[in-house]
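Here is the structure we will look at.
The values are calculated or read from the model by the stated rules, or taken from the named source; none is laboratory data. What you see is a predicted model; the values in this text were computed from it and never measured. Cβ sites come from the backbone with ideal geometry, for glycine too, and all protein chains shown count toward neighbours. SASA here: full protein model, heavy atoms, side chains in, ligands and nucleic acids out. Shrake-Rupley method; radii C 1.70, N 1.55, O 1.52, S 1.80 Å.
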Amino acid sequence: MDVDTRLAEDWVRAIAAAVEREHERLTELDSAIGDGDHGSNLRRGFTAVLAVLDGPDAPAPDGGPGALLTRTGTTLISKVGGASGPLYGKAFRAIGAALPPGQPSADAAGFGEALAAGLRAVRDLGRAEHGDKTLVDAWTPALDAYRAAVVAGAGLPEAAAAAAGGAERGARDTEPLLARKGRASYLGPRSVGHRDPGAASTALLFRALAETTAARAAEEHGKPA
């Protein structure tokens, strides 16, 4: 299975659905150590993304997954306030840029490199490293698990499932950390004991990828030979 335009769109729609379900929890997490707007900002951003996908100016299918993911990132940057808009927007733009325009699909290894480009964009913009209590702490183990699965011969659904597990573990592991970046860093030791909201939303992103690829695999498996 490869990541084509339809799968990329299904992934983005799944993220939007997850944000809609979990935006109150994300805002609650952010209220403890941030500005208290992470969930509402992401909800606003992905609502805008859905409006683009459903509107007359939606990316053309023949633009490939890269064009769709780049457009997703551009929309997030323009519509989301706070830190999450630029960070997730840059991440999706980097993922899209790693998939050349018109390229109809990317295999599991190629998509892994695109996810790595997304992580680099986040790290460059936020100047964050693993252990700083940011979304990097969920994205890094997600990418590591994804790559390890691909090296071991796994297909896209299995690699995505491994990434989702890695992201969720990474998000949980932010709880005992002292925040070194962002608004949470102003709290000093009081940031300890709280899960980072960006890491939590990153876990939603990778879980959405796992669910989307699993659904496509089930669909393809159910087709008559």
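In degrees, nearest 10, range 0 to 90: what is the angle between the Cα axis of helix 5-33 and the longest Cα principal axis of the chain?
That helix lies at roughly 10 degrees to the long axis.
Please state the shape class of segment 30-101: rounded when a/c is under 1.5, otherwise prolate if a/b exceeds b/c and oblate if not, all from the C-alpha gyration tensor.
Judged from the Cα gyration tensor, segment 30-101 comes out oblate (a/c at least 1.5, b/c at or above a/b).
Compute the relative contact order of segment 80-225 as a whole-number percentage, counting only Cα pairs closer than 8 Å that sit 6 or more residues apart in sequence.
Dividing the mean separation by the residue count of segment 80-225 yields 22 percent.
Summing +1 for each Lys or Arg and -1 for each Asp or Glu, what net charge is found among the other residues whose Cβ lies under 10 Å from the Cβ of G126?
+1
Roughly how many debye, to the nearest 20, is the charge dipole of the chain about its Cα centre, given +1 on each Lys and Arg Cβ, -1 on each Asp and Glu Cβ, and no other charges?
About 600 debye.
What's the tally of Lys pairs in the chain whose alpha-carbon atoms lie under 29 angstrom apart, where the two lysines are 8 or more places apart or on different chains?
Values: K79/K90; K79/K133; K79/K181; K90/K133; K90/K181; K133/K181.
Pairs that pass both the separation and distance tests number 6.
For the chain, with all protein chains present and a 1.4 Å probe, just round the carbon and sulfur fraction of the accessible area to a whole percent.
53
If you count, for each residue, the other Cβ atoms within 10 Å and average over each peptide, how do 138-149, 211-222 line up from highest to lowest?
Order by mean packing, descending: 138-149, 211-222.
For segment 20-150, what does the alpha-carbon gyration tensor say about shape, rounded, prolate or oblate, given a ≥ b ≥ c as the root eigenvalues, a/c under 1.5 as rounded, and a/b over b/c as prolate?
The shape class here is oblate.
Does segment 182-225 come out rounded, prolate or oblate by the C-alpha gyration tensor, with a ≥ b ≥ c the root eigenvalues, rounded set by a/c under 1.5 and, if not, prolate when a/b is larger than b/c and oblate if not?
Judged from the Cα gyration tensor, segment 182-225 comes out prolate (a/c at least 1.5, a/b above b/c).
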